[in-house]
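Asker: Got a structure for you, written out below as structure tokens; questions coming shortly.
Please treat every number below as a calculation from the coordinates, not as lab data. Quick caveat, the model's predicted, so the values are computed rather than measured. Quick reminder, even Gly has a Cβ in these numbers, built from the backbone with ideal geometry, and neighbours come from all protein chains shown.
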Amino acid sequence: MTHINHQFPIVIDNDSQILILGSIPSVISRKRNFYYMNPTNRFYQILSIIYQENFLDDNVSNKIKLLKKHHIALYDVIEECDIDKSSDSSIRNPKIANIIEIINKYPIKRIFLNGTKAYQLFAKHFDILLPMATLLPSTSAANAKCSIEQLLIKWQEIKL
């Protein structure tokens, strides 16, 4: 187990209407200093198909521009925790992010949780926000039971 702190800021601006929350960045994402940077994670592939834009570019600035263009904010439910590698099931002692503060400061209309662990923690700590929230299947390669086609069916819901 390793104790980690969330090391990069939320992607958000005053036009953000959709907040996508994961649990905590993976080992590869932490090394590459941005969300969903493991090449096996299908997050940017899904966004590229839904929005017909190239989210697959490794340039973080380009990813941020596209996210903001489509009014998408990105963050995680966990600020810090103990974790074994990138395994959500191993998470212990999570310190939860202040999602209420984000919702109060920005015009977020919908919250989407990328995976079960993110949703479980969100529901436990922010039950008042559950009417705004939707659980989506994880885009992680660890969620091998979900094909790209199955993910697309569910993830289409994020499009405004």
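Asker: In percent, how large is the relative contact order of the range 1-56, given Cα pairs closer than 8 Å and 6 or more residues apart?
Answerer: In percent, rounded to a whole number, it is 21.
Asker: Taking θ = phi - 60°, what integer Hz values does the Karplus form 6.51 cos²θ - 1.76 cosθ + 1.60 yield along the range 24-38, in sequence order, with x for Gly and Pro?
Answerer: 7, x, 5, 4, 5, 4, 5, 5, 8, 6, 6, 5, 6, 8, 6
Asker: Relative contact order for the chain: what is it in percent, counting Cα pairs under 8 Å that are at least 6 residues apart?
Answerer: Relative CO of the chain lands at 31 percent.
Asker: Could I ask something else about it? Would you pull out the residues with amide H under 5 Å of PHE112's amide H, same chain only if 5 or more places away, H placed 1.01 Å from N?
Answerer: Here the answer is LEU19, ILE20, LEU21, THR134, since their amide H atoms fall under 5 Å of that of PHE112.
Asker: Would you please state the base-10 log of I(q)/I(0) at q = 0.21 1/Å for the chain, with intensities from the Debye formula using one equal scatterer on every alpha carbon?
Answerer: -1.67
Asker: Here is a follow-up. Rank SER48, SER87, SER138 by mean-square fluctuation in a GNM of the chain with C-alpha springs under 10 angstrom and give only the top-ranked residue.
Answerer: Looking only at SER48, SER87, SER138, the biggest GNM fluctuation is shown by SER87.
Asker: Something else now. Return the distance in nm (one decimal) between the two label points of a simple spin-label model at LYS95 and ILE153, each offset 7 Å from Cα along Cα→Cβ.
Answerer: 4.1
Asker: Compute the longest continuous run of the chain that contains no exposed trypsin sites (Lys or Arg not before Pro); treat a site as exposed when its DSSP state is not H, G, I, E or B and it has at most 15 other Cβ atoms within 10 Å.
Answerer: Maximal segment without exposed cleavage sites: 1-84.
Asker: Determine the calculated [θ] at 222 nm for the chain from helices alone, applying -39500 (n - 2.57) to every DSSP H run no shorter than 4 residues and normalising by the residue count; nearest 500 deg cm²/dmol.
Answerer: Taken over the chain, the calculation gives -8500 deg cm²/dmol.
Asker: Another question, if that's okay. Mind giving me the FRET efficiency for LYS145 and LYS105? R0 is 30 Å, r the Cβ-Cβ distance, nearest 0.05 is fine.
Answerer: With a Förster radius of 30 Å, E is 0.25.
Asker: Right, next: Is there a quick way to get the dipole size of the chain? I mean about its Cα centre, with the Cβ of Lys and Arg at +1 and of Asp and Glu at -1; what is the value in debye to the nearest 20?
Answerer: In total the dipole reaches around 120 debye.
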